[in-house]
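Notes for the one structure printed next.
Any read-out appearing in this document is the output of simple, stated calculations on the displayed coordinates, not a laboratory observation. The model shown is predicted, which means the values in this text are computed figures rather than measured ones. Cβ atoms come from the backbone with ideal geometry, glycine included; neighbour counts cover every protein chain shown.
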Amino acid sequence: MTSHSNKKKRSLPPQQHYPQKYSSRLTVDDEDISRISYPFASGGAIVTPIVPFDVKGMVFERLKEELLPKLNGRWNRTCRLHNTGDEDKIKTTAAETVVRSRLIIGINQCTQMLEKVLQQKKQNKFISSEHTMPSLIILTRDARPATIFSHIPIYAHLLKIPILILPGKASVELGRLLGLKSIAALVFLSSGSKVRGESTDEEASGAHTDVDSFVNFVISKIPK
């Protein structure tokens, strides 16, 4: 039987320090995602800004007015079909396709996307118009335990992606807004992130513009 101490550890490329998933340690306590120990960052920690409550309100309001209508009021299509009782009544518009192609919801899904982009960077395949590039990361401060997504700020730091934390009961409030139980993490993708078969008509173009407008607005509200 091979002992645990004899197991071979995977080495990292000398030119860059890439964290393994869930390898980070919170410096304050397990309930604070805003400051994470990372020896290769300035000051030995990655600090993610927490926006004020009034900014959170503005983010929710713009999300509700600009993007939610394109999803027909909810992210989960299965629930919409169940509520209408008629699949023919639910049509996927060009605008909905755009929003769904540029928004990733959930810790696992966001982690997979960020790790994919990080892997592209490690292989020097970063970045072309053919590759998906995250343009904004939103985390919620009340999601528990915070350690399950403490790696995301590290990925944001390595990839230089704008990131912020929403205060209060944001995970529940954001989930309610999108028709889900709760949401701990969101990743918005760049406008170059197009899916196969996506329409190029005015509706799709307008949806891309609206997503870009929302992302730029949120980035402008990140504390410096």
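For the reader, a short list of remarks on this structure follows.
- Computed FRET value (nearest 0.05) for Gln112 with Ala41, which takes r as the C-beta separation and R₀ as 30 Å: 0.80
- For the listed residue pairs Lys121/Lys160; Lys116/Lys160; Lys122/Lys160; Lys64/Lys160; Lys64/Lys169, the alpha carbons are over 20 angstrom apart in Lys64/Lys160.
- Sorted peptide list for 38-45, 49-56, 135-142, 170-177, criterion being average Cβ within 10 angstrom, highest first: 135-142, 170-177, 49-56, 38-45
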